[in-house]
Amino acid sequence: MLAHAREQSTKHYLAIGLMARGGVRRAEVLNIAPADIVESPSGPRVRVRDGKGGKDRETPIPAELESTVAAYAHMSDHLTGPNDTTPLLTCSKRTIGRWVDRVGDAMYEDTHDDGWLSLSPHDLRRSWGTLLAVDEAVDPGLVMMFGGWENWETFREHYLGSYTETQIKDQIGDVPWL
């Protein structure tokens, strides 16, 4: 998916990468500046300032996304470099939605999976949260902190899903005293 975004343009890759690999909301993407990409002891992060509910947070991002932001900041006509506080992207939420649609269309062409035809910016964030918590087994509390979620029930319902009897049996089967 990110390869298709990169084929479109660096702007597409930055917007879709921040949502799909950083859990950043579409509206938040428009406020991310080069100076918001920071180094932490655990690796690169994107600092989301005044996100949903007026909250600030930092979320990990891949090193490749960090280096693309830095390169874009050096090459862009409207930015002065990695310490610039000017937003990376000068477009609208609607434009980002169209970019996501294009990537969904390209993924449909590759896979013929109809689900790609209804891809939304929020699906990228939802997939990010689910991939971290379920596929990568990152502690759900950390995923909630990175994503700015406070309500456990909502997070569990929308990002972890329900448990099958097979999953329950497998989990309980790993507990030696049960």
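For segment 90-109: of the residues being among the polar types (S, T, N, Q) and either more than 20 Å from the chain's Cα centre (by Cα) or assigned to a loop (DSSP other than H, G, I, E, B) (or both), which is nearest to Pro41 (Cα to Cα)?
Thr90
Have a look at Thr68, Thr80, Thr85, Thr59 and point out the one that is among the hydroxyl-bearing types (Ser, Thr, Tyr) and in contact with a strand residue (DSSP E or B) (Cβ under 8 Å, 6 or more places away or on another chain). It would help to see each step written out before you state the result.
Values: Thr68 fails: in contact with a strand residue (DSSP E or B) (Cβ under 8 Å, 6 or more places away or on another chain); Thr80 fails: in contact with a strand residue (DSSP E or B) (Cβ under 8 Å, 6 or more places away or on another chain); Thr85 fails: in contact with a strand residue (DSSP E or B) (Cβ under 8 Å, 6 or more places away or on another chain).
Among Thr68, Thr80, Thr85, Thr59, only Thr59 is among the hydroxyl-bearing types (Ser, Thr, Tyr) and in contact with a strand residue (DSSP E or B) (Cβ under 8 Å, 6 or more places away or on another chain).
Of the residues Pro44, Pro82, which is surrounded by 14 or more Cβ atoms within 10 Å (Cβ to Cβ), at pLDDT 95 or above and not charged (D, E, K, R)? Reasoning before the result, please.
Working: Pro82 fails: at pLDDT 95 or above.
Only one candidate qualifies: Pro44.
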Review point. In segment 144-178, which residues are in contact (Cβ under 8 Å) with a residue 24 or more places away in the chain and of a type in the set (A, V, I, L, M, F, W, C)?
Key: Met145, Phe146, Phe155, Leu160
Point to revise | Evaluation of Thr59 against (1) surrounded by fewer than 19 Cβ atoms within 10 Å (Cβ to Cβ); (2) touching a residue at least 24 places away in the same chain (Cβ under 8 Å); (3) not aliphatic (A, V, I, L, M) (one fails), failing number | key: (1)
Practice item. Would you mind stating whether Ala73 is of a type outside the set (Asp, Glu), surrounded by 14 or more Cβ atoms within 10 Å (Cβ to Cβ) and touching a strand residue (DSSP E or B) at 6+ places or on another chain (Cβ under 9 Å)? Key: yes
Revision key, fill the gap. Exactly one of Met1, Met19 is within 13 Å of the chain's Cα centre (by Cα), closer than 30 Å to Gly115 by Cβ and modelled with pLDDT under 95, and that one is Met1
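Of these, Ser40, Ser9, which one is touching a residue at least 12 places away in the same chain (Cβ under 8 Å) and among the small types (Gly, Ala, Ser)? Reasoning before the result, please.
Numbers: Ser9 fails: touching a residue at least 12 places away in the same chain (Cβ under 8 Å).
Being touching a residue at least 12 places away in the same chain (Cβ under 8 Å) and among the small types (Gly, Ala, Ser) holds for just one of Ser40, Ser9, which is Ser40.
Regarding Asp123, is this residue of a type outside the set (Lys, Arg) and farther than 29 Å from Val100 by Cβ? Full working, then the answer.
Values: of a type outside the set (Lys, Arg): yes; farther than 29 Å from Val100 by Cβ: no.
Here the answer is no, as Asp123 does not meet what is asked.
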Practice item. Might you let me know whether segment 122-134 holds any residue that is within 24 Å of Gly53 (Cβ to Cβ), within 15 Å of the chain's Cα centre (by Cα), assigned to a loop (DSSP other than H, G, I, E, B) and not hydroxyl-bearing (Ser, Thr, Tyr)? Key: no
Check your understanding: Which residue out of Leu178, Leu160, Leu88 is hydrophobic (A, V, I, L, M, F, W, C), in contact with a Pro (Cβ under 9 Å, 6 or more places away or on another chain) and modelled with pLDDT under 90?
Key -> Leu160
Practice item. Test Val38 against the stated conditions and say whether it is closer than 22 Å to Thr130 by Cα and hydrophobic (A, V, I, L, M, F, W, C). Key: no
Practice item. Check off (1) buried (at least 22 other Cβ atoms within 10 Å of the Cβ); (2) in contact (Cβ under 8 Å) with a residue 60 or more places away in the chain; (3) in contact with a Ser or Thr (Cβ under 9 Å, 6 or more places away or on another chain) for Ile16 and give me the number that stays unchecked. Key: (3)
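The values are calculated or read from the model by the stated rules, or taken from the named source; none is laboratory data. Worth saying up front: this structure is predicted, and the values here are computed from it rather than measured. Cβ sites come from the backbone with ideal geometry, for glycine too, and all protein chains shown count toward neighbours.
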